[in-house]
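Quick notes on the structure that follows.
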Amino acid sequence: MKGRVVSVLAGMALAMAVPSWAGSPLAIDGDHFVRDGKPWLVRSGEMHYPRIPHEAWRDRLRKAKAMGLNTITTYAFWNVNEPEPGKFDFSGDGDIASFIRIAKEEGLDVILRPGPYVCAEWDFGGFPAWLLRTPGLRVRSYDPRFLAATDAWFKRLHQELEPLLSSHGGNIVMVQVENEYGSYGEDRDYLEAIHKQIVAAGFDVPLFMSNGPGPGRMEPGTLPGLLPVINFDGDAADAKQAFDESAPYLAGHPKMTGEYWSGWYDRWGEPHQTRTAAVATSAVGWFIDNNVSFNLYMVDGGTNFGWMAGANEENHVYKPVTTSYDYDAPIDEAGRLTPKYMALRKLIGAHLNPGETLAKLPASSPTMAIASFKLDTSVSLLDALPALSKPQSSVRVRSMEAFGQNHGLILYRKRLDTNVTGKLDLGPVRDLATVLVDGEPRGTLDRRLDQRTLDTPLKSGDTLDLLVENMGRVNFGSAVPDEYKGLRHEVTIGKDTLSNWQVYPLPLNDLSALPFHPGTDAKGPRFLHGGFELAKVAGGSFLDMRAGSQGHVWINGHHLGRYWNIGPQQTLFVPAEWLRKGHNDVVVLEMGARGPADLAGLTDPIFATH
Ligand code: GLA
């Protein structure tokens with residue numbers, strides 16, 4: 001695609017087709033935005049409702065506004081809001097309408113990006129995992145089964161947000177169609193179908209499409225009639241280059257950076273990512289000087305709580321994203337105002353649109369230490385199985401999705417009834433398998449390292465357990481459509497195929513019935529339990545997980561996410577909103593040999609790669 005020669009005329013034709021939208025306060029007038037009839041620069045920051053506890057939304061939105069922004073951009077996360085087919089959930093941290101309403105109350109316009117694909121380092125790029133229950137269904141394509149599901153999503157989302165559209169007096173001023181499709185494919189029919197569905201659902205505000213810069217991505221990723229915007233990072237020189245190389249597509253349009261990456265995300269086992277304030281202010285200064293509207297991705301990154309972190313696949317190597325989505329954003333994971341925030345506020349505050357004022361600087365969010373506390377009861381995951389799952393019989397191993405499961409772990413159990421010789425071969429492992437024989441861990445097989453086989457003695461009468469953890473579905477690139485989890489191929493030992501399994505889906509949604517017993521001596525993958533008292537909740541905290549190997553933590557029933565001592569993230573963010581005065585309950589699922597006996601909360605995160 002990249003080298004494709006595209007005629008300037010084709011770009012001009014696209015440019016001419018963009019209409020202006022009456023009725024909405026934000027409109028396009030030739031090559032600039034107007035709001036209420038006056039020239040307007042959109043200065044947006046990206047913030048994602050499921051990445052911040054809903055109780056903190058107003059605080060974070062107010063901080064974004066006080067940085068000098070006038071707009072918030074968010075994706076709508078399909079897999080958050082339709083967790084099971086036809087069962088929509090817009091409650092709690094999924095209450096997108098409340099998020100947008102609060103933004104309005106705080107004086108912010110909203111740019112909505114309803115996908116259906118969102119990328120975003122989010123499990124499966126925002127697609128609900130249940131789509132994979134339909135054999136052969138292909139996401140992001142002109143597959144009628146997929147398009148029936150996207151149509152239902154857009155319609156229900158519109159029902160939720162209709163009064164908030166600017167055409168109805170609300171603050172949603174623009175809506176994005178798909179997401180960076182130009183980096184993915186060339187299926188015009190699919191792209192047109194998504195566009196038509198969004199229009200037909202009733203999203204009657206200016207529509208736009210965002211793509212990487214340059215003809216190679218803009219040509220396949222742009223539809224005529226829709227405003228094209230470009231996504232990139234770097235400094236003023238990079239910004240200039242991105243706009244120069246995209247010029248044929250942008251001529252005659254308001255110029256806008258749909259995502260300016262003011263930071264970057266981390267992946268397990270790789271160095272922690274940061275981007276300097278100097279680079280960000282260089283680019284933003286260029287945007288302002290050149291009348292380029294922009295969206296800072298992210299202004300506040302937040303956290304991939306629960307199971308929702310995504311993953312990349314690069315050159316066939318699987319690279320899961322960390323729990324923290326701090327993103328080195330101007331507002332940090334704990335809601336604190338960073339030097340980058342201050343630098344951007346100073347710059348932006350000096351260049352507001354006529355009639356705008358810079359809001360008062362809010363106080364930064366406090367964090368607190370939590371004194372060391374003991375984990376004092378435990379139960380092995382195998383002993384806890386009856387409290388967690390009902391087994392299902394299956395002749396062959398099948399994927400997690402085939403058992404109706406979206407997230408978590410899945411256990412495949414088999415009692416060997418004949419003597420076998422040779423290597424144990426699981427086929428492709430999605431994503432981290434612990435092999436246990438009669439309850440004893442024998443080894444792990446890691447998708448990141450393309451490990452599938454284990455040389456371990458096995459004999460008739462042994463109980464073989466294959467415990468497989470979903471580490472996050474790939475959210476970017478050609479691997480996305482086939483992101484099933486668990487095991488799906490044949491499991492063999494030497495020449496023998498193993499059949500007749502007992503399968504335990506372990507979504508771990510409810511840990512209330514775990515049969516803990518005193519002491520922390522449970523073996524193998526195990527749950528550890530403890531707690532601490534707080535006289536007062538004085539802020540959020542960072543739980544120090546350096547004594548652990550790999551696993552998950554729940555506090556007062558809230559799933560903080562995954563920890564892994566390979567880093568770079570060594571601490572797990574605990575939102576103040578999830579802590580309480582008095583007793584706080586902690587459950588840890590530790591998968592490795594080395595586990596924590598006690599834990600403590602820190603005032604700052606630790607990033608270190610091992
Ligand atoms: C792209 C996507 C975003 C996000 C960023 C990287 O621009 O559109 O969703 O994945 O990359 O953080």
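State which residue is nearest to residue 226 (Cα to Cα) when the search covers only the range 149-202 and only residues that are among the β-branched types (Val, Ile, Thr) and surrounded by 22 or more Cβ atoms within 10 Å (Cβ to Cβ). Restricting to residues being among the β-branched types (Val, Ile, Thr) and surrounded by 22 or more Cβ atoms within 10 Å (Cβ to Cβ), the top hit is 177.
Residue-wise test of (1) open to solvent by 20 Å² or more (accessible area, probe 1.4 Å); (2) among the charged types (D, E, K, R).
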{"residue": "476", "(1), (2)": "yes, no"}
{"residue": "481", "(1), (2)": "no, no"}
{"residue": "484", "(1), (2)": "no, no"}
{"residue": "497", "(1), (2)": "yes, no"}
{"residue": "502", "(1), (2)": "yes, no"}
{"residue": "510", "(1), (2)": "yes, yes"}
{"residue": "516", "(1), (2)": "yes, no"}
{"residue": "522", "(1), (2)": "no, no"}
{"residue": "532", "(1), (2)": "no, no"}
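Per-residue answers, yes or no, for (1) more than 23 Å from the chain's Cα centre (by Cα); (2) in contact (Cβ under 8 Å) with a residue 40 or more places away in the chain; (3) farther than 19 Å from residue 73 by Cβ; (4) more than 14 Å from the ligand (Cβ to nearest atom):
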| position | (1), (2), (3), (4) |
| --- | --- |
| 198 | no, yes, no, yes |
| 205 | yes, yes, no, yes |
| 221 | no, yes, no, no |
| 227 | yes, yes, no, yes |
| 230 | no, no, no, no |
| 233 | no, yes, no, no |
| 241 | yes, no, yes, yes |
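A Cβ distance below 8 Å, combined with a sequence gap of six or more or placement on separate chains, defines the contacts here; from the range 80-104, residues that are within 19 Å of residue 165 (Cβ to Cβ) reach residues that are part of a loop (DSSP other than H, G, I, E, B) and open to solvent by 40 Å² or more (accessible area, probe 1.4 Å) in the pairs 81/88; 81/89. Kindly establish whether residue 211 is within 25 Å of residue 188 (Cβ to Cβ), within 11 Å of the ligand (Cβ to nearest atom) and either in contact with a Lys or Arg (Cβ under 6 Å, 6 or more places away or on another chain) or open to solvent by 50 Å² or more (accessible area, probe 1.4 Å) (or both). When the stated conditions are applied, residue 211 passes them. When residues in the range 448-465 are screened for being buried (at least 24 other Cβ atoms within 10 Å of the Cβ) and under 24 Å from residue 561 (Cβ atoms), 0 of them pass.
Checked across the range 132-142, the condition of being within 16 Å of the ligand (Cβ to nearest atom) and out of contact with any His (no Cβ under 8 Å at 6 or more places or on another chain) holds for at least one residue. For the criterion of being more than 24 Å from residue 280 (Cα to Cα), surrounded by 15 or more Cβ atoms within 10 Å (Cβ to Cβ) and within 25 Å of the chain's Cα centre (by Cα), residue 368 fails.
Among the criteria (1) more than 16 Å from the ligand (Cβ to nearest atom); (2) under 16 Å from residue 342 (Cβ atoms), the one residue 275 does not fulfil is (1).
Might you let me know whether the range 244-254 holds any residue that is open to solvent by less than 10 Å² (accessible area, probe 1.4 Å), of a type outside the set (A, V, I, L, M) and within 11 Å of the ligand (Cβ to nearest atom)? No; the residues of the range 244-254 include none that is open to solvent by less than 10 Å² (accessible area, probe 1.4 Å), of a type outside the set (A, V, I, L, M) and within 11 Å of the ligand (Cβ to nearest atom).
The values are calculated or read from the model by the stated rules, or taken from the named source; none is laboratory data. Note that the structure is predicted; figures quoted are calculated from it, not measured. When we count neighbours, we look across all protein chains shown, and the Cβ atoms used for this are built from the backbone with ideal geometry, even at glycine. Remember, those area values only see protein heavy atoms, side chains included, never the ligands or the DNA or RNA. Shrake-Rupley method; radii C 1.70, N 1.55, O 1.52, S 1.80 Å.
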